[in-house]
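Take a look at the structure below.
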Amino acid sequence: MAHHSFEHTTHHGSGSGVATLTELVGRSEPRSGRPSAATVVEEDGVKVVAFEFHEGDELHEHAAPHPALIQVVRGSVDFQLPEGPVRLRPGQVLHLTEGLLHAVRALEPTTLSVTLLLH
């Protein structure tokens, strides 16, 4: 089966649904010790943001106004949470409730997918 790389492609299936395929890696370029972010999906109560980190890039302590699901697409990061640090790698998902303070530091070049669950 051949694999194709799409910048942003929408496929219409049978019925009334729509499927959207979006590339997460390389959507933006990190800058000056801070990751960059690009919104890749925003519809139906969900917002997906792709974050690109260079090794050592950090997001200082902050909180999201919505619950979030965090997944590493490539690389690894340390999340500093109120109860202590958590190392996040591909194959794991981290759920953060709204308002939870956290900080992030990339251990290597990393792409994070952050899915905000908008109410």
Of the residues in region 42-74 that are among the acidic types (D, E) and open to solvent by less than 30 Å² (accessible area, probe 1.4 Å), the one that is nearest to L21 (Cα to Cα) is E52
Checked V77, V93 against criteria (out of contact with any Phe, Trp or Tyr (no Cβ under 6 Å at 6 or more places or on another chain), open to solvent by 30 Å² or more (accessible area, probe 1.4 Å) and modelled with pLDDT of 95 or more); the one match is V93
Expected single match for under 17 Å from H119 (Cβ atoms), part of a strand (DSSP E or B) and touching a strand residue (DSSP E or B) at 6+ places or on another chain (Cβ under 8 Å) among L94, L59, L69 is L69
E108 passes all but one of the listed conditions (1) open to solvent by 30 Å² or more (accessible area, probe 1.4 Å); (2) part of a strand (DSSP E or B); the exception is number (2)
Restricting attention to region 27-56, the residues that are part of a strand (DSSP E or B), closer than 22 Å to L107 by Cα and not aliphatic (A, V, I, L, M) number exactly 6
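The values are calculated or read from the model by the stated rules, or taken from the named source; none is laboratory data. Nothing here was measured: the structure is a model prediction, and the numbers come from that model. Reconstructed Cβ throughout: ideal geometry from the backbone, glycine too, with neighbour counts over all protein chains shown. The accessibility values were calculated without ligands, DNA or RNA, using every heavy atom of the protein model including side chains. Shrake-Rupley method; radii C 1.70, N 1.55, O 1.52, S 1.80 Å.
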